[in-house]
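The values are calculated or read from the model by the stated rules, or taken from the named source; none is laboratory data. Bear in mind the structure is a predicted one, so any value in this text is a computation, not a measurement. Cβ: placed from backbone, ideal geometry, glycine included. Neighbour counts: every protein chain shown.
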Amino acid sequence: MITIKALTKKYGSFHAVDNLSCSVGNGEAVALWGSNGAGKTTVLRCVLGLLRYSGIIEIAGLDIRASEKATREKVGYVPQELAFHDDLRLLETMHFFSRLRRAASTRVATVLDEVGLSPTVHGRKRIRELSGGMKQRMALALALLSDPPLLILDELTSNLDTKAQCGFMELLRRQKLRGRTLFFTSHRLDEIEAVADRVIVLGAGRRQFECTPYELARRLGLQCTLHVFLPPEQLDDAVGELARCGFDATRNGVSLSVQVAANEKAVPIRVLSEASIRVRDFDFTSSFEAGGRI
Amino acid sequence: MTTLSSCVPAAVTSHCRLARFTSKLSVGTLFLFARKEMRDSLRNRWFILYTIAFSILALALAFLSLAGVGMDGFAGFGRTAASLINLVILIIPLMALTAGATSLAAERERGTLSYLLAQPISKLELLLGKYIGLAVALTASISLGFGLSAAIMAVRGGSADVNSFLWLVAISLVLALGMLSVGFLISSLTRKASVSLGVAIFTWLGLVFLGDLGLMGSALMMKLQVTELFHLSLLNPLQVFKMAALASISASLDVLGPAGIYATQTYGSALHALFAAVLIGWIILPLTLAFGVFSWRGAS
């Protein structure tokens with residue numbers, strides 16, 4: 001879906017993106033990961049044709065400079081800064097962009113419903129009256145208007161509270177299941193783990209390496225502590241069973257705390273189930289090991 | 001000597017260029033942006049204020065002109081047209097420059113320009129759509145002022161020099177479109193709406209006051225010949241507008257002194273066409289430059 005060859009973007013003598021080459025396949029969800037200033041947003045803005053650059057960027061086999069309109073028809077974009085015309089109402093904005101993207105006007109109700117916004121309840125509200133979560137949902141609805149095969153998202157949940165983040169990630173997972181290609185930036189590991197198939201790690205504008213989200217977590221030294229709640233009489237048996245399978249498990253009041261790698265959170269649950277130990281509930285917390293680095 | 005074979009590739013190339021250029025334009029997208037810009041203008045209180053001010057002053061000038069010629073106001077249109085010249089020179093360039101100057105810069109500052117340019121549209125559609133929308137809003141606003149003025153004169157019995165009045169309306173609209181183009185050029189060069197507005201106001205000041213003073217000063221200091229003086233004055237669109245309006249009212253530019261006499265004697269009946277061409281040039285050239293700058297800079 002996207003092919004990037006030798007992409008370089010300079011601001012004066014500063015290389016915001018330096019000789020980046022990568023690709024995103026059809027239906028794939030690829031995350032650009034990196035700290036602030038790594039060049040993630042610059043790459044997306046180049047792919048959207050918003051910045052001048054050297055190198056080649058193709059979307060669906062078309063060079064974005066030679067076929068700027070045709071390539072942008074294939075892209076739905078959710079920006080980091082949600083800047084819309086504040087004095088317009090939500091429905092006015094949706095209809096304006098549906099005409100701009102030559103989408104059928106019936107799509108407006110469909111996509112609003114898809115992102116959990118109601119034309120009757122939210123449609124009359126002016127953009128400035130919408131919460132950050134609603135704006136983000138509206139931005140996704142706008143991106144979906146013409147049913148594009150590719151979604152480009154800049155910092156998925158930067159404006160959202162925890163509850164809204166979960167809802168938004170669920171929306172994106174649904175888009176992925178429908179076969180849409182996702183290309184997004186994030187500096188949050190939980191977002192990447194939830195959606196991405198592959199991660200391109202950027203540092204100082206250069207591609208450092210590519211990996212799976214789990215591999216990224218491992219390289220970062222992400223450790224999870226699994227809290228397993230069991231009947232009190234089975235706690236000792238559970239500690240023994242987990243220790244036998246190589247897990248570091250300790251009793252913690254009415255629960256067990258088990259240290260697991262980020263990509264093995266379900267394994268202790270399976271071990272306990274196979275030993276006929278009834279798991280009542282579980283929870284986990286994540287933390288980075290001291291010295292964990294890329 | 002140009003042969004047929006050398007002509008054909010050149011013709012094909014220019015046809016391809018034209019095709020590529022027109023493929024960048026969708027009438028639907030132009031109309032969409034134009035309509036949005038017109039609606040935004042109706043909500044813009046500065047635009048409304050300028051319209052009201054221009055209408056009231058045009059109306060007042062019409063009354064005053066007619067008062068000076070008694071009840072049967074012969075030559076009412078001509079007198080009113082003459083008094084409207086200074087009003088047009090003051091208000092219309094300010095209105096058009098500020099409207100154009102905030103158009104792109106405000107969108108850029110809000111961040112909406114990036115989002116618009118990420119849609120399947122070309123920069124030409126966005127720029128032209130905005131320009132057409134503002135041009136229609138300006139035309140409506142100016143027509144309202146002139147229309148009220150004409151209505152009063154028609155009711156009060158002014159009858160002569162209708163043509164000069166219509167010519168004044170026409171060149172005022174052309175001047176407005178030219179100043180709108182200059183406003184777009186300013187807007188394409190600046191990042192912030194406040195800076196753009198400031199530059200627009202300085203440009204207006206420069207054209208209205210400094211242009212006149214500069215011309216007078218240059219003529220005195222450099223002992224300019226009438227030829228040079230006339231051609232220098234063609235550089236200022238407001239001067240061109242003033243000369244075009246006067247030429248229409250008094251049939252010659254003798255009232256402007258030696259430079260005016262030179263212009264009348266040299267260009268004769270082609271004077272109107274010359275002024276119209278210069279004013280149209282002020283529409284095309286800055287707008288083309290604005291498009292060039294906007295294409296180069298995009299949303300940044």
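Values as computed for the structure displayed
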quantity: Wholly within the range B:183-284, helices (runs of 4 or more DSSP H) carrying at least 1 residues that are under 22 Å from B:Ala96 (Cβ atoms); calculated: B:193-205, B:211-221, B:226-233, B:237-250
quantity: Residues of the range A:58-70 satisfying the condition of being in contact (Cβ under 8 Å) with a residue 12 or more places away in the chain and within 14 Å of another protein chain (Cβ to nearest Cβ); calculated: A:Ile59, A:Ala60, A:Ile64, A:Arg65, A:Glu68
quantity: Some residue of the range B:72-94 being in contact with a helix residue (DSSP H, G or I) (Cβ under 7 Å, 6 or more places away or on another chain), assigned to a loop (DSSP other than H, G, I, E, B) and at pLDDT below 90; calculated: yes
quantity: All positions within the range B:38-61 that are in a helix (DSSP H, G or I) and within 14 Å of chain A (Cβ to nearest Cβ); calculated: B:Met38, B:Arg39, B:Asp40, B:Ser41, B:Leu42, B:Arg43, B:Arg45
quantity: Sole residue being surrounded by 23 or more Cβ atoms within 10 Å (Cβ to Cβ), part of a helix (DSSP H, G or I) and within 14 Å of another protein chain (Cβ to nearest Cβ), chosen from B:Gly133, B:Gly178; calculated: B:Gly133
quantity: Tally of residues being within 12 Å of chain B (Cβ to nearest Cβ), of a type in the set (A, V, I, L, M) and surrounded by fewer than 22 Cβ atoms within 10 Å (Cβ to Cβ) across the range A:23-57; calculated: 2
quantity: Residue ID - modelled with the highest pLDDT, chosen from residues in the range A:154-181 that are over 22 Å from A:Arg45 (Cα atoms) and polar (S, T, N, Q); calculated: A:Gln165
quantity: Residue identified as more than 14 Å from B:Leu287 (Cβ to Cβ) and under 23 Å from the mean Cα position of the chain (by Cα) among B:Ile132, B:Ile121, B:Ile92; calculated: B:Ile92
quantity: Output for the range A:193-206, where each listed residue is surrounded by fewer than 23 Cβ atoms within 10 Å (Cβ to Cβ) and not in a loop (DSSP other than H, G, I, E, B); calculated: A:Glu193, A:Ala194, A:Val195, A:Arg198, A:Val201, A:Gly203, A:Arg206
quantity: Selection count where residues are over 13 Å from the mean Cα position of the chain (by Cα) and either among the hydrophobic types (A, V, I, L, M, F, W, C) or buried (at least 19 other Cβ atoms within 10 Å of the Cβ) (or both), scope the range B:95-118; calculated: 14
